Amino acid sequence: MNNNFYITTPIYYVNDKPHLGHVYTTVACDVLARFHRLDGRDVYFLTGTDEHGLKVKQAAEKAEMDPQSFTDKVSQNFRDLCPLMNYSNNDFIRTTEGRHIKACQHLWNLLVEKGAIYLDTYSGWYAVRDEAYYGEDELTTRADGVKVAPSGAEVTWMTEESYFFKLSDFQDRLLKFYEDNPRFVMPESRFNEVKSFVKSGLKDLSVSRTTFDWGVPVPGHPQHVMYVWIDALTNYITALGYPDEQNDLFKNFWPQAIHVVGKDILRFHAVYWPAFLMAADLPLPQQIFAHGWWTIEGQKMSKSLGNVIAPSDLIARYGVDAARYFMLREVPFGSDGDFSHLQAVNRINNDLANGLGNLCQRTLSFIYKNCEAKIPQPQVFTKEDEGLLNLARTATLEKVREELGQFRFHRAFEQIWSVVDLANGYIDSQAPWALKKTDLGRMNTVLYVLCESIRCLAILIQPIMPEKAKSMLAQLSLPENFSFDQLATPLQPGVVIPQPQGIFPRIETPEHHVG
Ligand code: ME8
């Protein structure tokens, strides 16, 4: 396995405030970034904002601001989320930065040099909301007679002089590449959609606009700005120092890139982006994962419905770590999910308060009260003790690694929670409170095994719930931040632990909140 790991989120449009959907993708990437760092890999994790294009320009006009001041303000909302949601990103890129404009123009010139871009005129149905042209056959007519794209966005007829990218030249090369790289797009069902789109024939892609100026100017032809997607996709290499291909970041990380995106923007990442890179003779990313879509209590998230879930609301209700856990535990990452507060409360109370929280509280309070607050000295381990210790110290990490390698967050968390369940069952069956009266030596062994399980659980949950993990480690008088190879370093008996504090509070049911 290569030791470098580069993971990216989409860069988010700054036409609106961040919501659950944006947080979902970035938290998923953050969990992977943290996991791989703790697993001993060199990680580079990138997120940022997409600040050009007609959609952003129109949002700025609506706000009666010039586009740059508007994007400065809205981009800040996304940047402020990084500490709030505890993202461990190495960089935050904005497409209005000088380094990015330089990278886009360099790539553009290269594509012109290679004969992949030419000038022509373009007419077609354009959806501002999607920043995309659609074919007549893709449109439907709404009850009010307005034509709409498959996404529901209204389209208008546009004619403009435009540069084109020779996408049609890349059909065979793309199909060959897909065949040679059967895990390039995940999940597989989405990869099949991509392949059939490419097989159905690729038309050249209009890659410049003259009808507005909020974009990267085309070198030597500044009345054209670059199509926002050619601009946006380039962010992934700008951040690694492109066009300086000898830069260490670029050399080490670019060929290892994994792009995590929502299913809405898979085509741009799995078809257009690889074609641009092929045309420029640049290496392609390793993989693209397209996750599913959140609806809110059965409905699309939208401002007009007033059902947009703001990250600040999630944090206020559940706390950052529980919110991070819930989003990735509840729904398989490639599938669509429906968000409801009731589900969130049930999941958090069940897995965190009753499951992990209860395990810590029962074990550590018992030790605090009955063992002079000291980690007990174990005696001989039974088969059952060894079973739990082995699951916590070694077997679970291997399973988690395997599941996360397939982006199966929910299954990875299930593996960790099988340790929680086993340990909770163990405390019940071993009943240290009864052993206290009959066999102090055995009681100490049981409590030690439980402390070891808690220690390993704290280490394993670090990528998902970094703050809760720190609190758990502190309750065992351990410092924060353990890499996974420290799973094998057992607790020292005799160490004094602080008075236990509840780490995973129960959440009231939503009805109580509303009142
Ligand atoms: O498309 N459920 O930006 P964007 C799940 N700038 N994920 C959601 C979601 C939902 N309901 N809503 C949004 C763009 N997302 C371009 C990307 S990349 C080079 C350029 C997430 O602000 C999901 O990751 O519209 C989706 O792909 C992304 O936000 C779209 O963000």
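Where a number appears in this text, it was derived from the coordinates with a stated rule and is not lab data. Since the model is a prediction, treat every value here as computed from it, not as a measurement. Quick reminder, even Gly has a Cβ in these numbers, built from the backbone with ideal geometry, and neighbours come from all protein chains shown.
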Heads up, the range 120-247 by the C-alpha gyration tensor (a ≥ b ≥ c square roots of eigenvalues; a/c under 1.5 rounded, else a/b over b/c prolate, else oblate) looks oblate
Counting only DSSP loop positions in the range 249-291, the chymotrypsin sites (Phe, Trp or Tyr not before Pro) whose Cβ has at most 10 other Cβ atoms within 10 Å are none
Output for the range 398-448: GluC sites (Glu not before Pro) sitting in coil per DSSP, at most 11 other Cβ within 10 Å, listed by number, reads none
Dividing the mean separation of Cα pairs under 8 Å (6+ apart) by the residue count of the chain yields a relative contact order in percent of 15 percent
So the FRET efficiency between Thr211 and Asp42, C-beta based with R0 = 60 Å and rounded to 0.05, is 0.85
Cross-link reach from Lys436 to aspartates and glutamates, straight Cα distance under 16 Å and at least 8 residues apart if same chain, gives Glu372, Asp428
With -39,500 (n - 2.57) per DSSP H segment of 4 or more residues and division by the full residue count of the chain, the 222 nm estimate, nearest 500 deg cm²/dmol, is -14000 deg cm²/dmol
Surpassing 22 Å at the alpha-carbon level, of the pairs Lys383/Lys468; Lys300/Lys468; Lys195/Lys263, are Lys383/Lys468; Lys300/Lys468
If one compares the long axis through the Cα atoms of helix 320-330 with the longest principal axis of the Cα atoms of the chain, the angle in degrees, nearest 10, works out at 80 degrees
Taking a straight Cα-to-Cα line shorter than 14 Å from Lys57, and setting aside same-chain aspartates and glutamates fewer than 8 residues away, one finds Asp16, Asp66, Asp72, Asp130, Glu131, Asp213
In nanometres, the difference between 0.36 nm per residue of separation and the alpha-carbon distance of Asn109 and Glu402 is 101.3 nm
Rounded to one decimal in nm, the spacing of the 7 Å Cα→Cβ label points at Glu138 and His410 is 3.0 nm
Ordered by number, the GluC sites (Glu not before Pro) in the range 59-115 that occupy a DSSP loop and have at most 11 other Cβ atoms within 10 Å are Glu64
For Phe381 and Ser88, extending 7 Å from Cα along the Cα-Cβ vector and measuring point to point gives, in nm, a value of 2.7 nm
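Would you mind calculating the gained length between Asp338 and Asn354 on full extension (0.36 nm times residue separation, minus the Cα-Cα distance), in nm to one decimal?
On the way: separation 16, 0.36 × 16 = 5.76 nm, distance 2.37 nm.
3.4 nm is the gain from fully extending Asp338 to Asn354.
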